Amino acid sequence: MSAPSAPSPFRLSERARSLKPSATVAVSSRALELRRAGVDVISMSVGEPDFDTPPHIKAAAIRAIESGKTKYTAVNGIPELREAISAKFARENSLEYAPSDVTVTSGGKQALFNAFFALLNPGDEVLIPAPYWVSYPEMVALTGAVPVPVPTTPESGFILDPEELEVRVTPRTRMIVLNSPGNPTGAVFPTEVLEAVAGVAQRHNLVIVTDEMYEHLVYDAEQVSIGRYAPEHTLTVNGASKAYAMTGWRIGYAGGPKAVIAAMNAFQSQSTSNASSVSQYAALAALNEYEETARFIEMARRAYRERRDRIVAGLNGLGLPTPTPQGAFYVMTDTARLHPDELEAARLLLDEARVAVVPGTDFAAPGQVRLSYATSLEQVEEMLRRIGAVMS
């Protein structure tokens, strides 16, 4: 007779148990099942460029490997890259961050994670315009702080109303998180909105953490860094993933006050240490060989804009209200005509049209789904044909 088994010693922490399961997992799992079964599923859910990393960037990585640049680097990145990032901030964003005010991370997500843990205490409140990228509120909550959504509307193009922001400021508010151009909406906040948000931060002594990962993917608007209007309140986060098609290389960076950057470096020193050395040299080429990089960015931007125009016109023509995004490579679509619940609408599109989209549930966007046009124009056309067949 066997002895009764003891309780497992592996008890998950409260922090691990607090993470919310994604409401989109079931839809994603179903899409994978269909693909494994050989079903032709068009994915409109991928949040990364469909273009390959430019040749001059890959060549720089190969040279780094061949010359033995494969060892540990400083936790905050190689000096040459931090100098190039400092120059980039000045050249492209009119931001003055010395190389010592810059840190290099394993992707933009780590920069945000480090910043939140360096700046937030339990009970602090963080204002986040919604719809939002799913990781912002989860990372904030992991620190013990409280994410506070600030709603925006499709009718406004998901542009933040600074008055809606300010009315949610309380004595516990510590931070504002901005993402412009935004995921999932593609919204680009106008200059007057950024100036007003900077004013809110200054009046209430708040930190602004601005995620500008999509800054080069702007079509009918001007992208401006909010740090120009409230430099003493702003931490600017960016990276190589979207503009340079370097998602898998995992290079992010941030610029901000020395004390904050030092604290972020301390957190990184006790977690991942430095970002990949080879990836750092690749990112250095992206920034320093800028004429080549700029040609790639312009080629990609033209392609994205053509796809955006087609997908917006096509979805609206099918009776699915879709605002025109000004940046990034996403559209948000009202799927009430398909089903009032966005999860059910996403399942219907997958099962009947064989089109994979992301329900707005985790973005705080009820009744909507996100589609990515980081795919070929031919795929966009076929997606519209399939959805049209389902709705006819």
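The values are calculated or read from the model by the stated rules, or taken from the named source; none is laboratory data. Everything numeric here is computed off the predicted structure, so don't read it as measured data. Note that each Cβ is placed from the backbone with ideal geometry, even for glycine, and that neighbours are counted across all protein chains shown. Accessible surface is based on the protein model in full, side chains and every heavy atom, while ligands, DNA and RNA are left aside. Shrake-Rupley method; radii C 1.70, N 1.55, O 1.52, S 1.80 Å.
If each residue of separation counts as 0.36 nm, what is the full-extension length gain between Ala259 and Ala313 once their alpha-carbon separation is subtracted? So the chain would gain 14.7 nm between Ala259 and Ala313. The stretch between Val390 and Glu306 holds 27.8 nm of extra length on full extension. This uses 0.36 nm per residue minus the Cα-Cα distance.
Taking all protein chains together and rolling a 1.4 Å probe, Phe267 ends up with roughly 90 Å² accessible. Taken as Cα centroids, the range 39-98 and the range 274-316 sit 11 Å apart, rounded to the nearest whole angstrom.
For a test of the definition: using alpha carbon positions, the gyration tensor, and the 1.5 limit on a/c, classify the range 196-324 as rounded, prolate or oblate. Because a/c hits 1.5 or more and a/b fails to exceed b/c, the range 196-324 counts as oblate.
Would you mind checking the range 116-137 for residues with the amide N under 13 Å from a putative spin-label position 7 Å along Cα→C-beta of Glu92? From the range 116-137, the list is empty.
Given the -39500 (n - 2.57) contribution per DSSP H run of 4+ residues, what per-residue ellipticity at 222 nm results for the chain, rounded to the nearest 500 deg cm²/dmol?
-12500 deg cm²/dmol
Here the alpha carbons of the range 325-392 define both size measures, Rg and Dmax, at 11.5, 31 Å. Local charge for His56 was computed over the other residues whose Cβ lies under 11 Å away, with Lys and Arg +1 and Asp and Glu -1, and equals 0. In the context of the full set of protein chains, the range 316-392 has a per residue accessible area of 36 Å² (1.4 Å probe). Taking 0.36 nm per residue of separation and subtracting the Cα-Cα distance, full extension of the segment from Tyr290 to Arg30 would add 89.4 nm.
Return the tail of the calculated pair distribution for the chain, meaning the percent of Cα-Cα pairs more than 29 Å apart. Intermediate results must be reported in sequence, preceding the final value.
Details: 35076 of 76636 pairs.
Percentage above 29 Å: 46.
Heavy-atom surface analysis with a 1.4 Å probe gives the range 125-238 a carbon and sulfur content of 50 percent of its accessible area. Just list whichever of Lys20/Lys88; Lys20/Lys58; Lys71/Lys242 have alpha carbons separated by over 29 Å in the model shown. Too far apart for the 29 Å limit: Lys20/Lys88; Lys20/Lys58.
Taking label positions 7 Å along the Cα-Cβ direction at both Asn205 and Ser156, the computed distance is 2.8 nm, reported to one decimal. Using a simple spin-label model with pseudo-atoms 7 Å out from Cα toward Cβ, Ser271 and Glu138 lie 1.4 nm apart. Computed from point charges on the beta carbon alone (+1 for Lys and Arg, -1 for Asp and Glu), the dipole magnitude for the range 133-172 about its Cα centre is near 240 Debye.
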